[in-house]
Each structure stands twice: as C-alpha cells, then as structure tokens.
Amino acid sequence: MFNTIDEAIADLKLGKAIIVCDDENRENEGDFLAIAEKMTPETVNLMITHGKGLLCSPVGLEVAKRLGLEPMVRRNRDNMQTAFSQSIDHIDCTTGISAYERSLTLLKMADSTTAINDFRAPGHIFPLLAKKHGVMERPGHTEAAVDLARLAGCSEVAAICEIINPDGTMSRLPELIELAKKFELKLIHIKDLIDYRKLNDKLIERIASSKLPTKYGSFEMVGFRCVVDNQEAVALVKGSLDSNSVPLVRIHSECLTGDGFGSLRCDCGEQLAASFKQIEEEGGILIYLRQEGRGIGLLNKIKAYALQDQGMDTVEANLHLGFPDDMRDYYLAAQILRDLGINSINLLSNNPRKFSALEKYGVKIAGRKELIIPANQVNKDYLDVKVSKLGHML
C-alpha cells in the first residue's frame, strides 16, 4: 500500500511530487508534497488542480530566519497548531497567482542567496514554520516536508497542498491510493517517516559516565539524553565491549513501585535484581528506560491500580483510561546500543514486542534468554494477563 521512505526521497530528488498521509486520529488527510528547489510550474499546477487545497510552503528554522518569516499570530489557536507565517511573493512576480509565478516564489525561497527584501508580503505562497525536530516533535505534514527536503539533500523548503475530492470532501486513504496510481506517484505515511528517522538519525547524546558499585557488583554507568524531548536513560555496562561483541542485554522499563518500593503487584523489582545478577556473572548491558507504567507515567499507573482494585486487569485498566495496552517505544534503547558500538545482542526478555521493536530499529537479536520470576499470591493474575493478552513468553 505505502512506498518506502527511500523510494519517496529518490523521487523528490528528481523533482517529482509525492503524496503524504498523516494518522487517521490526527487530521486524517493526504497532501501533495514536493521540494521547493526542484519546483516547476507543472508540479505547482498538478498540486493546485488535483489537490485543490491551499498551496503552502513548509520551511526549516534557518530558512525562516533568513527570510524574516515570523508567526502570523501571537497566540496560535489552530487545532493542530499549524504555524502559518505571512504570505509572500517574490519581487519578480506580477500578480503572483499563476503556477509559473508560484513556482518562481518557491524556487527563490529555496535559494540561499535570497533574503527578506527579495519578497513582498502579503502574497500567494503561505509559509509554514516547522518545529526544530521535525516529525519527531510534531507528526504533521509541515514537519514531514522539511524532514524530507533535508533527507533529499536539499534546502529545507518544500510545497504541500491538501487533497480534496471532486465533491468537496477531504480525500481519505482509498481515494489517495487511486490518485497515486493515476499519476504514478509515491505514497507514504508520516509514521513510517518517524520510524525512518528513529532508525537512521542520531537522536541521543552521551552526557556522562562513572563507576557504579552495587550490591550485585561494579558497573560502568553511562547516561544519555534524547535530543528531541530531553528524555533520560542509563546503560549499566559490565565488561569490555567492541563491535564484535554479542552481549547479554536487558532493557528494563522504570517501575518505581516495583524497583523502588518492593511492590508485590508486579514482578519488575525481581526482574531487575535477577538481570543485575545475570549480567554481573556473564557480562553485558542493562539499559534502564524512563517508561513508567508501560509508558503511561506514574500517576496514570496509580489510576490504573485503582481500577484493578475494582476488578479490571492491567490491560483493561489501561484501555479504560484511554491508553493502548503498552505505550513503550524501544528506539532509545536501540540508539544507546548503537552508541556503545553494539549491533547484535542476546536479549534477556520474555516480551516478543521488544524483539520486533529492536529489530525494526536495526538491532540484530542473536538469541533470547528467558527471565522467569515465580508468581506470588498478589501478582499471579497480573502475570497470567501478561501471557494471555500481551503475549509474554512465561
């Protein structure tokens, strides 16, 4: 159904337009998208004739600064926080509305030698100000366009136009698929671009490292921070590692109640202790991620506990609160392993979702070691649900 991001980038480099979809729970729309420095009147005409939406130009931060583009309003009240700037035309335009002149404005916006005085305002191209971290910060068409322009090796200026059906309704996926076939255009989804960036971009920085003596043994503790949202994570390393190493790796999601308070509701604290012991004996890495409550956070986990006290299981409680059964994402763990020079691991886990997620982000799973903790009277039902509803291999 969808093309790969690499296929889309290849066409964008050739000056072709593509179609980009966002999530059905967001705008649930498709846009034509093309790179500004490759723009032609023919591409503009395709977008405005068969898209029929507003022709806008997403720009990156440096381009916005060069062109003196500022937010259209001081307080953005748009549902999706679409960051419009003032509309512009290039000074060589007459009316600015023709496909030729809109193409000219887009080309000049992408020209690094142009500045604010080379454009008139208002005009017929509507710049959109992209977030600094692109789709990693905001999963919208604006950020997708700027990310794709950068990935294509071009100036961070693009053009997008919403696609509307002949009857005036917004085109949804079935219509977008047919439109892509009709014009032989690549069709991609923003979620795939997000995954592409998680796999290919470096999104963490190593902040500090130190020795950490514990009751299990001495480890090297390495601290990392995500450059997008400042999320912090720690890797505890035992033994020497190199690119040929295939270490034992445990990826542990934070559980304050289990790890710190000794809660009997879960097996997290016992899993953490058992992981330390195995890695101390065999060598390896324990990655500690701040994903409390399978990603819903501490206070929401307490709300989920209250629902479980009333008879719900752990999955039902999450769903009742409006969350998925498991919100965790393991791309930070994959990035940490890459930073440590590790490509292949033996994973200490019972969770098959963890395997597939790590492999999606480029980590080879050479083998698996189970981590079985005996149930107690309090957490027996919880462990049963992990097997029956979450697919854990216990």
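Semi-axes of the equivalent ellipsoid of the range 44-121 are 20, 18, 11 Å, computed as sqrt(5λ) over the eigenvalues of the C-alpha gyration tensor in descending order.
When the expected Rg is taken as 2.2 N^0.38 Å, what fraction or multiple of it is the alpha-carbon Rg of the range 81-192?
Relative to the 2.2 N^0.38 Å estimate, the range 81-192 comes out at 1.17.
Calculate the length of the line joining the C-alpha centroid of the range 2-40 to that of the range 228-279, in whole Å. So the separation of the two Cα centres works out to 39 Å.
Starting at 0 and stepping by 10 Å, how many percent of the alpha carbon pairs of the chain end up in each bin? P(r) for the chain, in whole percents per bin: 5, 20, 24, 20, 16, 11, 3, 0.
Evaluate Rg over Rh across the range 5-198, taking Cα atoms for both radii and Kirkwood's formula for Rh. Can you show the working numbers first?
On the way: Rg = 15.3 Å, Rh = 16.4 Å.
A ratio of 0.93.
Distance between the pseudo-spin-label points of Phe183 and Lys13 (7 Å out from Cα toward the beta carbon): 2.2 nm.
Helix 268-282 and the longest principal axis of the C-alpha atoms of the chain enclose an angle of approximately 80°.
Once the Cα atoms are used to define both axes, helix 298-309 deviates from the longest principal axis of the chain by about 60 degrees. Considering only DSSP beta bridges where both residues belong to the range 5-198, give the percentage that are antiparallel (nearest 5). Percentage antiparallel, nearest 5: 75.
Averaging the Cα positions of each part gives two centres, and for the range 182-213 and the range 77-124 these lie 31 Å apart. Amide H contacts under 5 Å for His189: Cys21, restricted to partners 5 or more places along the chain or on a different chain, H placed in the peptide plane at 1.01 Å from N.
Put a dot 7 Å past the Cα of Arg75, heading toward its Cβ, do the same for Asn346, and the two dots end up 6.0 nm apart. Just to confirm a number: summing +1 for Lys and Arg and -1 for Asp and Glu over residues other than Gly295 whose beta-carbon lies under 11 angstrom from that of Gly295, what do you get? Overall, the nearby charge balance is -1. My understanding is that a pair violates if its Cα-Cα distance is over 22 Å; which of Lys13/Lys186; Lys301/Lys354; Lys108/Lys181; Lys198/Lys277; Lys132/Lys202; Lys211/Lys277 do that in this structure? Listed pairs above 22 Å: Lys108/Lys181; Lys198/Lys277. Suppose R0 equals 35 Å; then what is the FRET efficiency for Leu264 and Leu61 from their Cβ-Cβ distance, rounded to the nearest 0.05? So, using R0 = 35 Å, E works out to roughly 0.10.
Largest mean-square fluctuation among Arg75, Arg290, Arg120, in a Gaussian network model of the chain whose springs join Cα atoms under 10 Å apart, belongs to Arg75. Take 160-169, 229-238 and order them by the average number of nearby Cβ atoms within 10 Å per residue, most first; the result is 229-238, 160-169.
Where a number appears in this text, it was derived from the coordinates with a stated rule and is not lab data. Since the structure is predicted, the reported quantities are computational estimates derived from the model, not experimental observations. Virtual Cβ from ideal backbone geometry, glycine too; neighbours counted across all protein chains shown.
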